[in-house]
Amino acid sequence: MILWFLKDRKFYVKEAVKKLTKAIKWRKDFNVAELTEEAVKDVAQTGKAYVHDFLDIYGRPVLMVVASKHFPEAQDPKDDERLCVFLVEKALSMLPTGKEQMVVIVDLRGFGTENADLKYLTFLFDVFYYYYPKRLGEVLFVDAPFVFKPIWQIAKPLLKSYASLVRFCSAEEVRKEYFTDKNLPPNFRD
């Protein structure tokens, strides 16, 4: 964990210690160590997000988000945040030796304005920026509909340097460039 923060701060020890101290305090306050499958069961059953059982072809754990199943008005935002952190922790626990990053795939097929949640998107990227630095390798926005474009224009500046990790692509590109037929996530099978 110390190495992540040192790399993130370009080995400037004072800044790395400051950021690491903040992360340790957040982990304690957020009760990260107490997050379990049971603790997030209700919100996980929505199917809005999960960790895929297989790594992508680059050897990275895959955190899947099905945006059309996210309804901000129907769920307590704190439950969504706990699910997010639980899934990040689960994905990181799957990292093979020598790998340090995961990929997040946001399936935007069927996404509508009722699924938009700028506050949650900001939380997600803040979590990676402040508490899991250098752990996010890529974010794929898959088949983004026209209605998503203005939301992205608002969100992009809030995401700081993580905006450069975002790639807009099609479901077909995900199938061909990130998986084999054997390890394809269920929502990308024909």
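The values are calculated or read from the model by the stated rules, or taken from the named source; none is laboratory data. Quick caveat, the model's predicted, so the values are computed rather than measured. Positions of Cβ are backbone-derived with ideal geometry, glycine not excepted, and every protein chain shown enters the neighbour counts. The protein model used for the area step is the full one, side chains on, heavy atoms only, and it has no ligands, DNA or RNA in it. Shrake-Rupley method; radii C 1.70, N 1.55, O 1.52, S 1.80 Å.
Numerical summary
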| item | result |
| --- | --- |
| Which listed pairs, of Lys99/Lys156; Lys90/Lys156; Lys48/Lys78; Lys25/Lys119, have C-alpha distances above 20 Å, in listed order | Lys99/Lys156; Lys90/Lys156; Lys25/Lys119 |
| If the convex hull is drawn through the Cα atoms of the chain, its volume per residue in Å³ | 121 |
| Helix axis angle, 13-30 relative to the chain longest principal axis, alpha carbon, degrees | 60 |
| Inter-centroid distance (Cα atoms) of the stretch 1-37 relative to the stretch 91-137, Å | 17 |
| The chain, accessible surface, carbon-and-sulfur percent (1.4 angstrom probe) | 57 |
| Exposure of Ser93 as accessible area (Å², to 10), given a probe of 1.4 Å and all protein chains | 90 |
| Protein-only accessible surface order, largest first, of Lys90, Lys25 at 1.4 Å | Lys25, Lys90 |
| Ranked by how many other beta carbons lie within 10 Å on average, peptides 103-111, 77-85 from highest | 103-111, 77-85 |
| Value of [θ]222 nm, deg cm²/dmol, for the chain, DSSP H segments ≥ 4, -39500 (n - 2.57) each, nearest 500 | -11000 deg cm²/dmol |
| DSSP bridge orientation in the stretch 43-188 - percent antiparallel, rounded to nearest 5 | 15 |
| Dipole magnitude of the stretch 43-188, debye to nearest 20 (Cβ charges: Lys/Arg +1, Asp/Glu -1, about Cα centre) | 320 |
| Cα-Cα P(r), the stretch 78-169, percent of pairs per 5 Å interval | 3, 12, 23, 26, 21, 11, 4, 1, 0 |
| Simple label model, 7 Å out from Cα along Cβ direction - Lys176 to Leu92, nm | 3.5 |
| Accessible area per residue in Å² at 1.4 Å probe, computed on the chain | 54 |
| Under-5 Å amide H pairs with Leu136, H placed in peptide plane, nonlocal only | Met102 |
